[in-house]
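Below is one structure, written out as structure tokens; the observations come after it.
The values are calculated or read from the model by the stated rules, or taken from the named source; none is laboratory data. The structure displayed is predicted, hence computed values, not measured ones. All Cβ positions, glycine included, derive from the backbone under ideal geometry; neighbour counts span all protein chains shown.
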Amino acid sequence: MIGTVVLLTVLAATAAQQPAAPGQLRPRPGEGQTPEWPPPSITDYKPKSTLVVPVHPRPKAKFPVIDIHSHHFQVPSPEQFDRIVAAMDANNLRVLVNLSGGSGERLRKYLEALRASRHHDRMVLFANVDFSGVGSGFGQKAAQQLEADIKAGALGLKIYKDLGLRIRKADGTRLKIDDSELDPIWATCGRLGVPVLIHTADPAPFFDPIDFTNERWLEMALHRSRRYQDPSIPRFEELIGERDRMFARHPKTVYIAAHMAYHANDLGRLGRLFDRLPNVYSEVGAILAELGRQPRTARAFFEKYQDRLLFGKDSFQPDEYPYYWRVFETGDEYFDYYRDYHAFWKLYGLELPDPVLRKLYSGNALKLVKGLPRTGLTN
Ligand SMILES: [Zn+2]
């Protein structure tokens, strides 16, 4: 017993003297030695896994899916729409919620084109608000336009991340997400019973220093527009604070916080947000790698909050959807993700139970978005 204590003390002392890599207890053999060959860069090093375990690819979702977060800025031509629908069928996607409907004339033309299409039950539109020139009276006018857009056939409102990050008011100051000038917009959505899907901020590491401990180093190195180090841009917590205050101020308005509210790397925090604000929901677009690295925590979360989570993908890339199906449906281990700058790690399946999958894939969307086509949906 005494021997153990002495040994532990010695080890602790050794560890304290040597700065070690995360998880490293003591200097590894050869520490400080230069590798015999130049080490590869992080983009070059692609070790092939030698792990042999069962694999269950999922080219097609187990149940029909509504994608609550899709973008198709231009009206697809009939041929393009045929191709989109063929890719949807292959994935078992029933409906795309196209969040890029715009407003006014543009929206009306898009809606007309959809109605005239033979695929009219495969895509619906959310409207957008044009936030240029916000000053006194803006909110009322924007709310009126939005009401007209909803009457014309838009099923909800999508707010882009520019709100909070970049948009300025007419007086030059930053338009805060919880600016009271915008209240009529949120109140109108509540009164009309249409949801607001809002993208706020971006992954927290985008706001952190770009050093070699930043998980999104490669992504920021590749994409200038994702670097938020400039002091003119508000901090992550500031934006989240504004968003959450707005959520709280409009309890009758249903909000879908895009991309798991950018708390997919801290599901406890998202759970507390859900507990505090029953009008808040979320969707899973573009954060799959976060879920896939914590399959047990994520599964428990999806079970507990099964009524609050919707399926969304964001960019429409038919060959990427099967990664979602595999993560949600299987218990597969240690498999590749499709985007190395989101994740240099591997994914694990959550193996969600069927009732949870059904809610995620379509049940919750059908509950929140009135007027969604139901053809081919079993819920
Ligand atoms: Zn989006």
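Structure above, values below:
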{"quantity": "Failed criterion for Arg191 (all others in (1) within 16 Å of the ligand (Cβ to nearest atom); (2) over 20 Å from Asp67 (Cα atoms) hold)", "calculated": "(1)"}
{"quantity": "Tabulated pairs, the range 323-347, first hydroxyl-bearing (Ser, Thr, Tyr), second exposed (fewer than 15 other Cβ atoms within 10 Å of the Cβ), C-beta under 6 angstrom, 6+ apart or interchain", "calculated": "Tyr323/Tyr338; Thr330/His56; Tyr334/Leu51; Tyr341/Leu222"}
{"quantity": "Breaking point among (1) within 16 Å of the ligand (Cβ to nearest atom); (2) not in a loop (DSSP other than H, G, I, E, B), for Ser100", "calculated": "(2)"}
{"quantity": "The range 35-81: number of residues that are assigned to a loop (DSSP other than H, G, I, E, B), within 16 Å of the ligand (Cβ to nearest atom) and in contact (Cβ under 8 Å) with a residue 24 or more places away in the chain", "calculated": "3"}
{"quantity": "Flag for Ala300 being out of contact with any Ser or Thr (no Cβ under 9 Å at 6 or more places or on another chain) and aliphatic (A, V, I, L, M)", "calculated": "yes"}
{"quantity": "Qualifying residue in the range 210-225 (condition: in contact with a helix residue (DSSP H, G or I) (Cβ under 7 Å, 6 or more places away or on another chain), of a type outside the set (S, T, N, Q) and within 16 Å of the ligand (Cβ to nearest atom))", "calculated": "no"}
{"quantity": "Test for Arg358: is it under 16 Å from Asn91 (Cα atoms) and out of contact with any helix residue (DSSP H, G or I) (no Cβ under 6 Å at 6 or more places or on another chain)", "calculated": "yes"}
{"quantity": "Complete set of residues in the range 149-184 that are within 14 Å of the ligand (Cβ to nearest atom) and in a strand (DSSP E or B)", "calculated": "Leu157, Lys158, Ile159"}
{"quantity": "The range 133-164: number of residues that are more than 22 Å from Asn98 (Cα to Cα) and over 28 Å from the mean Cα position of the chain (by Cα)", "calculated": "7"}
{"quantity": "Yes/no for Tyr228 being under 29 Å from Tyr45 (Cβ atoms), surrounded by 21 or more Cβ atoms within 10 Å (Cβ to Cβ), within 16 Å of the ligand (Cβ to nearest atom) and touching a residue at least 12 places away in the same chain (Cβ under 8 Å)", "calculated": "no"}
{"quantity": "Criterion: in a helix (DSSP H, G or I), closer than 21 Å to Tyr255 by Cα and touching a Pro at 6+ places or on another chain (Cβ under 7 Å) - qualifying residue of Ala143, Ala87", "calculated": "Ala143"}
{"quantity": "Qualifying position, being within 22 Å of Ala365 (Cα to Cα) and surrounded by fewer than 18 Cβ atoms within 10 Å (Cβ to Cβ), among Asp149, Asp89, Asp162, Asp82", "calculated": "Asp89"}
{"quantity": "Residue that is modelled with the lowest pLDDT [pool: residues in the range 15-34 that are in a loop (DSSP other than H, G, I, E, B) and either within 16 Å of the ligand (Cβ to nearest atom) or surrounded by 10 or more Cβ atoms within 10 Å (Cβ to Cβ) (or both)]", "calculated": "Gln18"}
{"quantity": "Unmet requirement for Thr297, which otherwise passes all of (1) within 15 Å of the ligand (Cβ to nearest atom); (2) surrounded by fewer than 16 Cβ atoms within 10 Å (Cβ to Cβ)", "calculated": "(1)"}
{"quantity": "Flag for Tyr334 being farther than 16 Å from Leu93 by Cβ, aromatic (Phe, Trp, Tyr) and either surrounded by 16 or more Cβ atoms within 10 Å (Cβ to Cβ) or within 17 Å of the chain's Cα centre (by Cα) (or both)", "calculated": "no"}
{"quantity": "Test: residue in the range 243-250 that is more than 22 Å from Leu165 (Cα to Cα), more than 16 Å from the ligand (Cβ to nearest atom), of a type outside the set (A, V, I, L, M) and modelled with pLDDT of 95 or more", "calculated": "no"}
{"quantity": "Breaking point among (1) over 21 Å from Tyr338 (Cβ atoms); (2) in contact with a Lys or Arg (Cβ under 7 Å, 6 or more places away or on another chain); (3) in a helix (DSSP H, G or I), for Arg299", "calculated": "(2)"}
{"quantity": "Neighbours by Cβ (under 8 Å, 6+ apart or cross-chain): first from the range 299-322, within 18 Å of Pro64 (Cβ to Cβ) and of a type in the set (Ser, Thr, Tyr); second part of a loop (DSSP other than H, G, I, E, B) and more than 16 Å from the ligand (Cβ to nearest atom)", "calculated": "Tyr321/Ala61"}
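Okay, residues lined up against (1) over 14 Å from Tyr305 (Cα atoms); (2) among the small types (Gly, Ala, Ser); (3) crowded, with 20+ Cβ neighbours inside 10 Å; (4) more than 16 Å from the ligand (Cβ to nearest atom):
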site	(1), (2), (3), (4)
Phe236	yes, no, no, yes
Ile240	yes, no, yes, yes
Lys252	yes, no, no, yes
Tyr262	yes, no, yes, no
Asp266	yes, no, no, yes
Leu277	no, no, no, yes
Glu283	no, no, yes, no
Ala286	yes, yes, yes, no
Gly292	yes, yes, yes, yes
